[in-house]
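Take a look at the structure below.
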Amino acid sequence: MSETTPRRLALILSIILSVLAGILFLVFVGVENKIYFRILVPLAFLVLVVIQYFVLRFSLERFIYSRIKLVYKTIHKQKLAKDDKKEHVTSIHGDIIGKVNEEVENWANDRKDEIDELKKMEVYRREFLGNVSHELKTPLFNLQGFVLTLMDGGIHDTNINLNYLEKSQKNIERMITIVEDLEVISRLETGEATPLLTNFSVTALVREVMEFLEPKASERQIKLMFAAEYNDNMIVNADKEKIRTVFTNLIDNSIKYGIQNGRTKVSFYDMDENYLIEISDNGVGVDEQHISRLFERFYRVDKHRSRAQGGSGLGLAIVKHIIEAHDQTINVRSAARVGSTFSFTLKKV
């Protein structure tokens with residue numbers, strides 16, 4: 001489809017007006033005088049077309065562009081980055097109407113995407129606030145019950161005072177864990193907790209974490225193991241303590257949701273510039289419908305069972321933020337009653 005520009009419009013209008021003027025000229029003057037008809041009329045027609053073309057073009061461009069350019073410049077400025085807002089000079093050449101139409105369509109699509117994203121964030125915000133409230137409300141109500149019982153005379157009852165104080169301490173520790181984990185996520189999201197990169201043996205680190213969690217695994221009769229015999233020459237460049245947190249959370253989860261006489265296996269694969277690390281178990285697993293939300297804050301597949309296992313509900317969210325802070329990715333494969341596999345990469349040395 002041809003462009004509709006003021007130039008083309010001015011040319012069409014000038015020809016039409018000139019034809020009309022020629023017709024009027026012929027009507028009033030007549031065609032008896034052949035010299036008029038053969039020489040002066042075509043010449044006058046041509047001159048009239050040229051004059052009207054430039055007059056109309058100038059008028060149209062001045063009228064239309066003076067208004068369209070304001071729209072075009074306003075939309076274009078909105079698309080510039082905040083630190084790059086320069087005065088944008090729009091050229092009056094070319095299909096400015098087509099450009100403005102394209103800019104408006106793009107701008108409208110961008111606004112629609114932003115509105116859709118804001119709606120999603122609003123839903124996420126409501127869920128997050130509701131989850132935070134619920135996670136803190138449970139230990140707070142427990143504490144309130146324990147304290148009121150002690151105040152009503154239970155403090156003098158040796159059968160319950162120490163027991164209630166111990167339970168109160170556990171609920172306080174749970175609230176502290178939630179607050180601390182929220183602070184960790186906030187610092188990771190804002191970039192304050194920048195990874196302190198060092199070179200270390202990732203296999204040696206996993207052995208340390210396994211030794212630390214071995215008593216907990218033994219209670220549930222779950223075996224912690226490597227998929228093969230790995231030496232300590234697998235060196236990665238990462239923040240050692242943050243990666244320790246990743247392994248601790250993932251292996252601890254595999255123990256919490258494992259089955260008796262089950263196993264948790266750690267595997268390593270050389271992927272050129274990175275090591276691919278997999279932590280798999282043969283535990284209860286997760287239905288496919290929940291997998292996409294596993295890394296959300298406070299998201300629990302089985303809320304009652306998950307809270308009974310302890311934890312803040314923020315472990316996997318922290319894991320995801322730590323891995324992404326290293327410019328790496330983490331994924332999960334899982335099936336109910338089959339088990340789960342978490343895999344992520346780390347830069348090798």
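Where strands (runs of 3 or more DSSP E) fall entirely within region 210-318, those with at least 2 residues that are under 26 Å from the mean Cα position of the chain (by Cα) and modelled with pLDDT of 90 or more are at 235-238, 274-281.
Within region 322-340, the set of residues being polar (S, T, N, Q) and either closer than 13 Å to Tyr257 by Cβ or in a strand (DSSP E or B) (or both) comprises Asn331, Ser334, Ser340.
Restricting attention to region 151-174, the residues being of a type outside the set (Ser, Thr, Tyr) and in contact (Cβ under 8 Å) with a residue 24 or more places away in the chain number 4. Total residues in region 100-145 satisfying the condition of being more than 29 Å from Gly313 (Cα to Cα) and in contact with a helix residue (DSSP H, G or I) (Cβ under 7 Å, 6 or more places away or on another chain): the figure is 4.
Filtering Ile277, Ile235, Ile251 for residues that are under 16 Å from Glu211 (Cβ atoms), surrounded by 14 or more Cβ atoms within 10 Å (Cβ to Cβ) and among the aliphatic types (A, V, I, L, M) leaves a single hit, Ile251. I'd like to know if region 186-201 contains one or more residues that are within 30 Å of Asp232 (Cβ to Cβ), outside any loop (DSSP other than H, G, I, E, B), out of contact with any helix residue (DSSP H, G or I) (no Cβ under 8 Å at 6 or more places or on another chain) and without any contact (Cβ under 8 Å) to a residue 60 or more places away in the chain. Checking region 186-201: at least one residue is within 30 Å of Asp232 (Cβ to Cβ), outside any loop (DSSP other than H, G, I, E, B), out of contact with any helix residue (DSSP H, G or I) (no Cβ under 8 Å at 6 or more places or on another chain) and without any contact (Cβ under 8 Å) to a residue 60 or more places away in the chain. Only one of the numbered conditions (1) in contact with a helix residue (DSSP H, G or I) (Cβ under 6 Å, 6 or more places away or on another chain); (2) under 24 Å from Ile255 (Cα atoms) is not met by Ser218, and that is (1). With respect to the conditions (1) touching a residue at least 60 places away in the same chain (Cβ under 8 Å); (2) surrounded by fewer than 20 Cβ atoms within 10 Å (Cβ to Cβ), Ile243 falls short on a single one, namely (2).
Consider Leu148 carefully, then state whether it is under 24 Å from Ala317 (Cα atoms) and either in a loop (DSSP other than H, G, I, E, B) or free of Cβ contacts under 8 Å to residues at least 60 places away in the same chain (or both). In short, no. Looking across region 250-292, the residues that are aliphatic (A, V, I, L, M) and touching a residue at least 40 places away in the same chain (Cβ under 8 Å) come down to Leu250, Ile251, Ile255, Val266, Met271, Leu276, Ile277, Ile279, Val284, Val286, Ile291. Would you be able to say whether some residue in region 157-171 is of a type in the set (Val, Ile, Thr) and in a helix (DSSP H, G or I)? No; the residues of region 157-171 include none that is of a type in the set (Val, Ile, Thr) and in a helix (DSSP H, G or I). Which condition breaks for Lys137 when tested against (1) more than 21 Å from Glu296 (Cβ to Cβ); (2) at pLDDT below 85; (3) in a helix (DSSP H, G or I)? Lys137 satisfies all of (1) more than 21 Å from Glu296 (Cβ to Cβ); (2) at pLDDT below 85; (3) in a helix (DSSP H, G or I) except (1). Taking first residues from region 213-232 that are farther than 14 Å from Lys256 by Cβ and partners that are surrounded by 14 or more Cβ atoms within 10 Å (Cβ to Cβ) and of a type in the set (Phe, Trp, Tyr), the Cβ contacts under 7 Å between residues at least 6 apart in sequence or on separate chains come to Tyr230/Phe268.
Which condition breaks for Asn159 when tested against (1) closer than 28 Å to Lys347 by Cα; (2) out of contact with any Leu (no Cβ under 8 Å at 6 or more places or on another chain); (3) not hydrophobic (A, V, I, L, M, F, W, C)? The failed condition is (1).
Number of residues in region 125-179 that are basic (Lys, Arg), surrounded by 14 or more Cβ atoms within 10 Å (Cβ to Cβ) and within 27 Å of the chain's Cα centre (by Cα): the value is 0.
Of the set (1) among the acidic types (Asp, Glu); (2) touching a Leu at 6+ places or on another chain (Cβ under 8 Å); (3) over 26 Å from Ile279 (Cα atoms), all apply to Asp181 but (3).
The values are calculated or read from the model by the stated rules, or taken from the named source; none is laboratory data. Everything numeric in this text was worked out from a predicted model, so none of it was measured. No Cβ is skipped: glycine too gets one built from the backbone with ideal geometry, and neighbour counts run over all protein chains shown.
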